[in-house]
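Quick notes on the structure that follows.
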Amino acid sequence: MIELVRRTVPATGPWASWFPSGHPGLGALAEHVRATGHGRWWADRAVRPRAAAVSCAGQVILGGDPRVMAPRDLHPFAHGYIATPDRFLPLLGAAFDRVVPWERTVWVRDAPAPVRPPRRPVPGALLRRLSRAPSDAPAVRALGDGHAWIAATWGGAPGLVASGHAWGVFRDGRLLSVACTYFLGGRHEDVAVLTVPEARGRGLASVCVRALCADIAARGRVPSWTCSRDNHPSRALAAATGFRPVREYVHYAAGAPAGRVAPAGARPPAPAGSR
């Protein structure tokens, strides 16, 4: 496949059926890429494509006819997570040295989300929206490489804080917990959250999620939540903050391109937090 320039990708025609709008969870990925410019578009050909992909932060959605693609066309998505119709599965199996199914649950929150105090208050902690303040992007980066995924769909820490779509709890300038819009759709905003290990169990994630959800509702959108079916802490937090499960799906963790040896540490770890 070839990479397309974003402005050349129409929102109509076959693209609309391959990547429909208005869906919660990963369904908002294509809308996010179109709206924010963070992510990449791919197709088998630039004019009248027959198959395509959209990717952002290691997440990929495939659409169209797999018969026009070769296994090597999927190699740019090695070590990523691919959501695809079943008709693409033989192609995935031929493209990568391993393809591991990962069962996921999508949740939505229909009711308002009032901000509540944490269960165990942290002295000196402050809940606020992240902004372009000089200290905010460094605070996100200070979470460490293992938590860099929280800002990945916005191109990194500067993009996340500039988006206005993140709330965090700070103490003495340090970011302890943050919730953000991970995928920005026209109807839904998919939520992600993380808390540093030493601050967990105090209800900070819940406070951040409720603040973000109130913000999302004020924008006229519906909060959604996506996590592994086996991520019990994430499921419990979703339920506690008013989300309800609406559907399950499977996406696939792709290994190295078939026939190649993966470099050490090439596959990213599964995100922690709400994902």
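The values are calculated or read from the model by the stated rules, or taken from the named source; none is laboratory data. Keep in mind the model is a prediction, meaning the values are calculated, not measured. When we count neighbours, we look across all protein chains shown, and the Cβ atoms used for this are built from the backbone with ideal geometry, even at glycine. Side chains included, ligands, DNA and RNA excluded: accessible areas come from the protein's heavy atoms. Shrake-Rupley method; radii C 1.70, N 1.55, O 1.52, S 1.80 Å.
Filtering segment 165-193 down to residues that are in contact (Cβ under 8 Å) with a residue 60 or more places away in the chain and surrounded by fewer than 21 Cβ atoms within 10 Å (Cβ to Cβ), which residue is farthest from A16 (Cα to Cα)?
Restricting to residues being in contact (Cβ under 8 Å) with a residue 60 or more places away in the chain and surrounded by fewer than 21 Cβ atoms within 10 Å (Cβ to Cβ), the top hit is R187.
Residues that are more than 29 Å from I61 (Cβ to Cβ): find the strands (runs of 3 or more DSSP E) completely inside segment 165-248 holding 1 or more of those.
Ranges flagged: 166-171, 174-184.
Among D110, D145, which is the only one that is modelled with pLDDT under 95 and either of a type in the set (A, V, I, L, M) or farther than 25 Å from Y252 by Cβ (or both)?
The conditions single out D110.
Return the residues of segment 155-164 that are touching a strand residue (DSSP E or B) at 6+ places or on another chain (Cβ under 8 Å) and either open to solvent by 10 Å² or more (accessible area, probe 1.4 Å) or part of a strand (DSSP E or B) (or both); say none if nothing qualifies.
S163, G164
Among residues belonging to segment 16-63 that are open to solvent by less than 10 Å² (accessible area, probe 1.4 Å) and more than 14 Å from the chain's Cα centre (by Cα), point out the one that is farthest from A148 (Cα to Cα).
Here the residue is A51.
Output the residues belonging to segment 64-88 that are in a loop (DSSP other than H, G, I, E, B), open to solvent by 10 Å² or more (accessible area, probe 1.4 Å) and in contact (Cβ under 8 Å) with a residue 40 or more places away in the chain.
M69, A78, H79, T84
So the check is Cβ under 8 Å with 6+ separation or different chains; which pairs have a first residue in segment 212-235 that's free of Cβ contacts under 8 Å to residues at least 60 places away in the same chain and open to solvent by 50 Å² or more (accessible area, probe 1.4 Å) and a second one that's part of a strand (DSSP E or B) and of a type outside the set (S, T, N, Q)?
R219/E189; R221/H188; R221/E189
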